[in-house]
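Notes to accompany the following structure.
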Amino acid sequence: MEPLLQVRNLKTYFYTEEGTGKAVDGISFNIGEEKTLGVVGESGCGKSVTALSILGLISSPPGRILEGEILYNSRNGIIDLLKQKPTGELMRSIRGNEIAMIFQEPMTSLNPVYTVGDQIVEAVMLHQRLPKSQAKEKATDMLKSVGIPAPEQRFKAYPHELSGGMRQRVMIAMALSCNPKLLIADEPTTALDVTIQAQVLELLAELKSQYKTSMMFITHDLGIVANIADEIIVMYLGKIVEKASVKDLFYNPQHPYTQGLLNSLPTRDLSGKKRLVPISGVVPSPYEKVEGCVFHPRCPLAFSDCSSVVPDLYVCTKDHYAACLLKANSKED
Amino acid sequence: MSSNLPLLEVKNLKKYFNIRHKIFSRQKSILKAVDDVTFRIEEGETLGLVGESGCGKTTVGRSVLRLYKPTSGQIQIKLDSSMVDITNLSGRELMPLRKSMQIIFQDPYSSLNPRMTIGSTLREPLFAHKWGTKEEQEAQVLRILKAVGLKEEHLKRFPHEFSGGQRQRIAIARALVLHPKLVVADEPVSALDVSIQAQVLNLLEDLQKEFNFSYLFVAHNLFVVRHISQKIAVMYLGRIAEMGPTEGLFNKPRHPYTMALLSAIPLPDPEKKMNRIVLQGDVPNPIHLPRGCRFHLRCRYAEKECQEREPELREVGEGHTVACHFDF
């Protein structure tokens, strides 16, 4: 079966006064039907730009998608989203309808001057061509299914009247109101407290199986992807450094960056006695030019070739790839 | 004679804020941000103060440093081997004591003055407290700069030239340059990236060993404070729900809230996802506190007693106290 979304060699650069920022630099991945792909990385690694590129939301200038293909298996066959005009009819019928997105900060992504109910109704009327009365019913149902108590009253609430967790539930209700095939969640729980985060994650997992949606879950928190994803890509400075199933990634990490990230987590060692092992140095700015492997200035295992040769994604085991020269010879296996 | 005195002793600390609902309304309500909190920190020890947003942990930190004036209660700090009550001191009286108590803020982007070079940022506390001669001050700035892992050439630069992790190092250096006895660290790593968090946590630990001071370490993540604290206090809606030695609290949490908080943190292990306790509902509004136990609305073990009577902190082990009617 064709994957729902195939991203091929996507390159999104930003041209600013500071120079060229290679936010996303030649990445490829697939998202299968009803699967969850976790995208992990630190700030500035290009994970959000990847999501925005898929939706055609890169503002240009300064951004530009240089090359690549984003093949989306839509309700009407496979289309390359990059070939569509971002403001065109087709893109607008896909965005929010077939591919929906949840943003990090629900307070800034909801419109403060409309009630939350009206905002969901707007999306439903626009995409599903339903009359207002039915759209209202649908919106109330959605609010109910995301676990908002007294949905009829909350329908008339403005975003500022709701708590952070409730607002994020409204965002989820809105995103799922058109029954999308792909849900992109960009750090949806980062602004929430841990106990509320646990509620929202549980809700997302539940709704995902109920609505048979695929999900792309973007986060910097390795703990969350361990819980929610089927497959994971780890990004660093616009490149994918490792791609694997959840179990392979956490029990058998191959790339030194992934290993470093895991070792620097205070939750990794449950006895709490071991000292944290941080990755040395800092993430370079995307405007800096790094020759060879993007991670080599911080890599504890770097050797002479690392500063000149750009590593491909090498196969480590089946469906487990790492962009590290140390894995280059295992390519023949 | 002074060996038994703690470095910091806080007794029945309360901090209430008056909230006006509408701009011109006379109706006021009281927000009980901190409502009867008692704890002590020994010399060279770290107390981790954990809770969700709005639980009053930051208010405790700021009251302890007297950045707020407490509504009631008592704050004592040990200076020259005797306890000094700082609860009601005026700003002028506090000034000479301030070099013994410093703070590191969460966000290094807003806590450094963008128009001051790192050198002048670090020199300012020494200058304000008339610390030593000019040469001694210069030497002290260099010493502290090296201790936090920065270089001499950084002194002439401005905050915007540094990354988040480096800026936090500068903020740490500024807090430590006067050799304080107590450092309040208010979420010092939550604004940083994962790989940088570990660097800064290790640095905070090393500096404590080198300069021997105490931390009040405020954070929302239990695992972050675990690495650095000997004792942990878990706060909920202005009160301490549970306090105890780090290992005891992790191995056998006694309060249902601590249990839920521990289990809610996602672990980087795909097979450990099953036994999560998901709390229902939101944290109640601290202006309208629920009757009885503050936690009973979200507690899955709540019974009738919990709605009627607020539990007091009681001892359940050595130095381990919990505010719950039941034993778990």
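Nothing in this text is a laboratory measurement; each read-out follows from the coordinates by a stated rule. Please read all numbers here as calculations on a predicted model, not as lab measurements. Cβ sites come from the backbone with ideal geometry, for glycine too, and all protein chains shown count toward neighbours.
The calculated P(r) of the range B:1-139, using every Cα pair and 5 Å bins from 0, goes 2, 8, 14, 16, 17, 16, 13, 7, 4, 2, 1, 0 in percent. A rounded overall shape is assigned to the range A:1-117, the ratio a/c of its alpha-carbon gyration tensor axes (a ≥ b ≥ c) being less than 1.5.
Compared with the alpha-carbon gap, the fully stretched path from residue B:139 to residue B:5 is longer by 45.0 nm at 0.36 nm per residue. The dipole here belongs to chain A: it is taken about the Cα centre, uses +1 on the Cβ of Lys and Arg and -1 on the Cβ of Asp and Glu, and is about 400 debye.
How do B:194-203, B:245-254, A:125-134 rank on mean C-beta neighbours within 10 Å, highest first? Numbers along the way, then the final one.
On the way: B:194-203: 23.0, B:245-254: 18.2, A:125-134: 13.0.
Output ranking for B:194-203, B:245-254, A:125-134: B:194-203, B:245-254, A:125-134.
Listed by chain and number, the aspartates and glutamates whose alpha-carbon sits under 14 Å from that of residue B:28, ignoring those within fewer than 8 places in the same chain, form an empty set.
Summed over qualifying helices (DSSP H, 4 residues or more, each -39500 (n - 2.57)) and divided by its residue number, chain A shows a 222 nm mean residue ellipticity of -8500 deg cm²/dmol.
When the charge dipole of chain B is built from unit charges on Cβ atoms (+1 for Lys and Arg, -1 for Asp and Glu) and taken about the Cα centre, the candidate among B:77, B:212, B:111 whose Cα reaches farthest toward its positive end is B:111. If you run the Gaussian network model on chain B, springs between alpha carbon atoms under 10 Å, then out of B:18, B:212, B:221 the most flexible one is B:18. Of the cross-linked pairs A:136/A:181; B:32/B:304; A:212/A:247; A:35/A:136, those separated by over 26 Å at the C-alpha level are A:35/A:136. Quick one: work out the % antiparallel among DSSP beta bridges in the protein assembly as shown, nearest 5. If I count the DSSP bridges inside the protein assembly as shown, around 65 percent turn out antiparallel. Over all directions, the projected convex hull of the C-alpha atoms in the range B:115-218 averages 6.5 nm² in area. log10 I(q)/I(0), Debye, Cα-only chain A, no solvent, q = 0.06, 0.12, 0.14, 0.15 Å⁻¹? Those come out to -0.22, -0.88, -1.16, -1.30, one per q. Each Lys and Arg Cβ is given +1 and each Asp and Glu Cβ -1; about its Cα centre, the protein assembly as shown then shows a dipole of about 1680 debye. For chain B, the list of Cys residues with no other Cys C-beta under 4.7 Å reads B:55, B:299, B:324. Straightening the chain between residue A:273 and residue A:43 buys 80.0 nm, computed as 0.36 nm per residue apart minus the Cα-Cα spacing.
State log₁₀ I(q)/I(0) for the range A:155-271 at q = 0.13, 0.16, 0.20 Å⁻¹ as given by the Debye formula over alpha-carbon point scatterers of equal weight, solvent excluded. Log10 of I(q)/I(0), two decimals: -0.59, -0.85, -1.17.
From the alpha carbon gyration tensor of the range B:177-273, can you work out the equivalent ellipsoid semi-axes (sqrt of 5 times each eigenvalue) and give them in Å, largest to smallest?
Values: eigenvalues 119, 63, 28 Å².
Its equivalent ellipsoid spans semi-axes of 24, 18, 12 Å.
Taking a straight line from the alpha carbon of residue B:151, these lysines sit under 30 Å away, with near neighbours fewer than eight places off in the same chain left out: A:22, A:274, A:289, B:99, B:130, B:134, B:181, B:209. Normalised size of the protein assembly as shown, defined as Cα radius of gyration per 2.2 N^0.38 Å with N residues, equals 1.02. Taken about its Cα centre, the range B:69-139 carries a charge dipole of about 180 debye when Lys and Arg each add +1 at the Cβ and Asp and Glu each add -1 at the Cβ. Please report the spacing between the Cα centers of the range A:284-333 and the range B:189-213 in Å, no decimals. Centre-to-centre distance over Cα atoms comes out at 29 Å.
Averaged over the residues of peptide A:193-204, the number of Cβ atoms from other protein chains lying within 10 Å of each residue's Cβ is 6. Highest average first, the peptides B:256-268, A:72-84, B:28-40 ordered by how many other beta carbon atoms sit within 10 Å of their residues are B:256-268, B:28-40, A:72-84.
Overall, the anisotropy analysis places chain B in the prolate class: the square-rooted eigenvalues a ≥ b ≥ c of its C-alpha gyration tensor yield a/c not less than 1.5, with a/b exceeding b/c. Taking trypsin sites (Lys or Arg not before Pro) across the range A:181-268, the ones in a DSSP loop with at most 11 further Cβ atoms lying within 10 angstrom of their Cβ are A:212.
Just how far, in whole angstrom, is the range B:282-317 from the range A:209-229 if you go by their alpha carbon centroids? With the range A:209-229 and the range B:282-317 each reduced to a Cα centre, they are spaced 33 Å. Peptide A:278-290 has a mean of 3 when you count, residue by residue, the C-beta atoms of other protein chains within 10 Å of its C-beta.
Per residue of peptide B:312-325, the mean number of Cβ atoms on other chains within 10 Å of the residue Cβ is 0. Considering only A:249, A:236, A:188, the residue lying farthest towards the positive end of the dipole of the protein assembly as shown is A:188, judged by Cα position with unit charges set on Cβ. Would you please give the FRET efficiency between residue B:23 and residue B:285, computed as 1/(1 + (r/R0)^6) with r the Cβ-Cβ distance and R0 = 22 Å, to the nearest 0.05? With R0 = 22 Å, the Cβ-Cβ based efficiency is 0.65.
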